[in-house]
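The values are calculated or read from the model by the stated rules, or taken from the named source; none is laboratory data. Predicted model, so just to flag it, every value in this text is computed and none were measured. Here the Cβ is made from the backbone with ideal geometry for all residues, glycine too, and neighbour counts use every protein chain on show.
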Amino acid sequence: MENKAWTDHPEDTIRQRIEAFVAESPENRMAQLDGAPFFDAPLVGFADGDDPLFSQFKMIIGPSHLTPREWLAGQPNAPHASLERLSVIGYILPITEETRVSNRAETRQPSLRWAHQRTHGEEFNKLVRRFIVDLLRKAGYLAIAPMDSERWEAFYEAQPGHNAKPPFSNWSERHAQFVAGLGTFSVNDGLITPRGIAHRCGSVITNLPLEPTPRDYSGPYDHCLLLAKGTCGVCIDRCPAGAISEAGHDKEHCRAYMANDIAHLREDWGLAVPGCGLCQTGVPCEYGIPE
Ligand code: SF4
Ligand code: SF4
């Protein structure tokens, strides 16, 4: 069942539906605090599912990182089951001003508002992924969110033949956003987008042909002042764990800080994943691409 919404500029249809869902969903609310939204209006971008970058990630990350074509293989039949053209839909959910401001004032641990966003905001992020998958499937297309797939796998130990340092997984949301024109990587392992580095993100793979979003950058680190120009480094000083240096982000050190030094927050606040995010607030890339 095909209609114009899916044949004439389907990118507009998808973008508008995601924007409306984020704006209107009651789940995008800090229900246990004051009911304010977790996230502002999303950024949405599209990538060609056969972009050569996805194959290159098998060398950059490791062979276990699957391509969009590998993710869609074996999906159940649908009216539009052709695998001739694949697309990846990426989106960024910018964290609201109020939450950023609260975290900016912190120096050792996340603010309560940030921690709610990290735990319950991520639950809403899952709903966004599911919303997009349902939208496409109802229109007769194949769709899968790798993060929600039974095949999604995380690795917490170094893997033979892999360049990625653990933890990593067989689908990187940030790498998908990079291909979809939404931002570039940073020294603290974030993604600096036109709405800054303080966000959650997600992606969905489909066989609906979509016009790829142009990438207005040439290198993987263009938006990080330290990696692109050798200046800044503010996030290094913001990190209470000493987990960031000019050499990069020590994931193990970062994880250990959250698992040990501030683990009490889980019990204190009754939140499964309070996070930290100090390196994403109070930094020049917090709101956008830094000058
Ligand atoms: S604070 Fe500066 S060095 Fe750190 S990620 Fe942002 S731009 Fe890069
Ligand atoms: S690197 Fe980890 S510990 Fe350091 S500020 Fe960022 S999230 Fe916190």
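Name the single residue that is nearest to Thr96 (Cα to Cα) among those in region 160-196 being out of contact with any Phe, Trp or Tyr (no Cβ under 9 Å at 6 or more places or on another chain) and surrounded by fewer than 19 Cβ atoms within 10 Å (Cβ to Cβ).
First, the residues of region 160-196 that are out of contact with any Phe, Trp or Tyr (no Cβ under 9 Å at 6 or more places or on another chain): 160-161, 163, 165, 173, 188-190, 193-194.
Still in the list and also surrounded by fewer than 19 Cβ atoms within 10 Å (Cβ to Cβ): 160-161, 163, 165, 189, 194.
Values: Pro160: 40, Gly161: 40, Asn163: 34, Lys165: 31, Asp189: 21, Pro194: 14 Å.
That would be Pro194.
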Out of (1) part of a helix (DSSP H, G or I); (2) touching a strand residue (DSSP E or B) at 6+ places or on another chain (Cβ under 9 Å); (3) more than 10 Å from ligand 1 (Cβ to nearest atom), the odd one out for Cys279 is which?
(3)
Give region 183-223 a look and list any residue that's within 15 Å of ligand 2 (Cβ to nearest atom) and under 30 Å from Ile132 (Cα atoms), or say none.
Phe185, Ser186, Asn188, Asp189, Gly190, Leu191, Ile192, Gly196, Ile197, Ala198, His199, Arg200
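Limited to region 248-284, what total is found for residues that are more than 13 Å from ligand 2 (Cβ to nearest atom) and either within 16 Å of Asn188 (Cβ to Cβ) or at pLDDT below 95 (or both)?
1
Step by step: first the residues of region 214-225, then only those that are buried (at least 19 other Cβ atoms within 10 Å of the Cβ) and closer than 20 Å to His175 by Cβ, then the one that is farthest from ligand 1 (Cβ to nearest atom). Which residue is that? Give the derivation first.
In the first step, residues of region 214-225 are kept if they are buried (at least 19 other Cβ atoms within 10 Å of the Cβ); the result is 223-225.
If we keep only those that are closer than 20 Å to His175 by Cβ as well, we get 223-224.
Details: His223: 7, Cys224: 4 Å.
This residue is His223.
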Exactly one of these conditions fails for Pro110: (1) more than 15 Å from Ala272 (Cα to Cα); (2) not in a helix (DSSP H, G or I). Give me its number.
(1)
